[in-house]
Amino acid sequence: MPTPIDLRSDTVTRPTAPMRAAMAAAEVGDDQYGEDPTTNRLQARCAELLGKEAALWLPTGTMANQVALRTLTRPGDEVVICREAHVGWHELGGAAANAGVQIHEIGQGGLFDADALRAAVKPRNFPIFPTTSLVAVENTHNRAGGIVVPQATVRQVCATARELGLATFLDGARLWNASVAGGLPVHELAAPFDLVAVAFSKGLGAPGGALLAGPRATITAAHRHRHRMGGAMRQNGVFTAAALHGLDHHLARLPEDHANARAFAERLVAGAPVVLDLATVQTNIVVFHLPAAVPIDAPTLSARAREHGVLVNAFGPRTVRAVTHLDVDRAGCVQAADVLVALLAR
């Protein structure tokens, strides 16, 4: 049976042979004692890349987000996020279960501005309201189709947050993609925020791992929360070696994923009755919608595509997501689009 064209996520990639070799050769120690040299090297490198004092490796992006919430808020606080952000929609209610905070969604299409933030923040002199203590930005925004949040908007939002006494957090799981697409270095994208998360298991192709970067005191506090949540692994070097390899060898190829996503989207729009704004296809994610007139819903389309060797995710009753990555080339992306076009034409 042929290998399927897997566009469900950029997390499905397998480590390349050179990445596996780097993992096998990794120098390791006990990271809980701060003695894993490969992890220490990754943390120092990423702190410098992101323009922050210190950094902390974590097993997953979700744990990075959850530790950030625990570090920057208190139970009962309110966190402002963009509508459909990952921390609110894709972490199994972790914000409530782990940090004890409530989520306030604002904006649309992956974006909100400073005026929307100002309107959302609860007055602190009214005793029945929760304390709004944190604003979080997701860049790129997953459910909005991988759009890059304009840096001018980011600066205005973070300046308003500081004025209002809020902490700021950047969920930059795909910040590498945002940097490549927007032409700005990651340290500039990260600069307005108190705390920043990045992931290595998506565009960089590592088998796991994420990282938080920020002031040393904040990272020290995050380290305690990581331990409390079960993220204090031991010989992390086998994972962090993969992250270092991804930074060295896979970062420069991200434009290829973006171009493949664009080719996939253009093929789909040209041949199928889908709702897809090509302006949202800025990185490696394509989110499209099936209009009511199309007699097939997203789960059915996903199931039928699987029968034809194409894997995509139903992101809602009539919403589908496809994500390009290093394990699927241009020909595979075009073939996947052609399969979906054919299924929707029936």
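Once the other residues with Cβ under 10 Å from the Cβ of Leu278 are scored (Lys, Arg +1; Asp, Glu -1), what is the net sum? Intermediate values should be presented prior to the final figure.
Details: positive: Arg262; negative: Glu266, Asp277.
Net local charge, Leu278 excluded: -1.
At 0.36 nm per residue, and after removing the present C-alpha to C-alpha distance, how many nm does the segment from Glu307 to Arg74 gain when stretched out fully?
Details: separation 233, 0.36 × 233 = 83.88 nm, distance 4.76 nm.
Full extension from Glu307 to Arg74 adds 79.1 nm.
On a full-extension model of 0.36 nm per residue, what is the gain between Ala232 and Ala252, subtracting their alpha-carbon distance, rounded to one decimal in nm? Show your work: numbers first, answer last.
On the way: separation 20, 0.36 × 20 = 7.20 nm, distance 3.06 nm.
Contour length minus the Cα-Cα distance gives 4.1 nm.
Which order results if Lys122, Lys52 are arranged by neighbouring Cβ count within 10 Å, fewest first?
Least crowded to most crowded, the residues run Lys122, Lys52.
Using amide H atoms built in the peptide plane, which far-off residues or other-chain residues are under 5 Å from His141 H to H?
Correct list: Gly146, Ile147, Val149.
Normalise the Debye intensity by I(0) for the stretch 1-158, one equal point scatterer per Cα, no solvent, then take log10 at q = 0.12 Å⁻¹ and round to two decimals.
-0.71
Among Gly94, Gly309, Gly51, which one shows the highest mean-square fluctuation when the chain is modelled as a Gaussian network with alpha-carbon springs under 10 Å?
Gly309
Modelled label-to-label distance, Phe126 and Arg14, 7 Å Cα→beta-carbon offset: nm?
Using points 7 Å along Cα→Cβ, the separation is 5.6 nm.
Which distance in Å, rounded to a whole number, links the C-alpha centroids of the stretch 283-346 and the stretch 142-220?
If you average the Cα positions of each part, the centres end up 29 Å apart.
Using the Kirkwood formula over every pair of different C-alpha atoms, what hydrodynamic radius in Å results for the chain? Let's see the in-between values first.
Numbers: mean 1/r = 0.0483 Å⁻¹.
Every distinct Cα pair counted, the radius reaches 20.7 Å.
What distance in nm separates the two pseudo spin-label positions at Arg224 and Ala342, each 7 Å out from Cα along the beta-carbon direction?
So the two model labels end up 5.9 nm from each other.
Which value in Å is the Kirkwood Rh of the stretch 117-238 over different Cα pairs? Mind showing how you got there, number by number?
Numbers: mean 1/r = 0.0625 Å⁻¹.
Every distinct Cα pair counted, the radius reaches 16.0 Å.
Quick one: 3J(HN,Hα) in Hz for the stretch 152-163, Karplus 6.51/-1.76/1.60 with θ = phi - 60°, rounded, Gly and Pro as x.
Each residue of the stretch 152-163 in turn: 4, 5, 4, 4, 5, 4, 5, 5, 5, 4, 4, 4 Hz.
Place +1 on the Cβ of every Lys and Arg and -1 on the Cβ of every Asp and Glu in the stretch 253-345, take the dipole about the Cα centre, and give the residue among Val294, Phe264, Val328 whose Cα lies farthest towards its positive end.
Among Val294, Phe264, Val328, the one farthest towards the positive end of the dipole of the stretch 253-345 is Val294.
Let a ≥ b ≥ c be the square roots of the eigenvalues of the Cα gyration tensor of the stretch 258-334; is it rounded (a/c under 1.5), or, if not, prolate (a/b larger than b/c) or oblate? Before the final figure, lay out the partial values.
On the way: a/c = 1.81, a/b = 1.29, b/c = 1.41.
Oblate shape, in that a/c is at least 1.5 and b/c is the bigger or equal ratio.
Read-outs throughout are calculated quantities, based only on the coordinates presented, and are distinct from any laboratory measurement. All of these numbers come straight from a predicted model, not from anything done at the bench. Ideal geometry is used to build each Cβ from the backbone, glycine not excepted, and the neighbour counts take in all protein chains shown.
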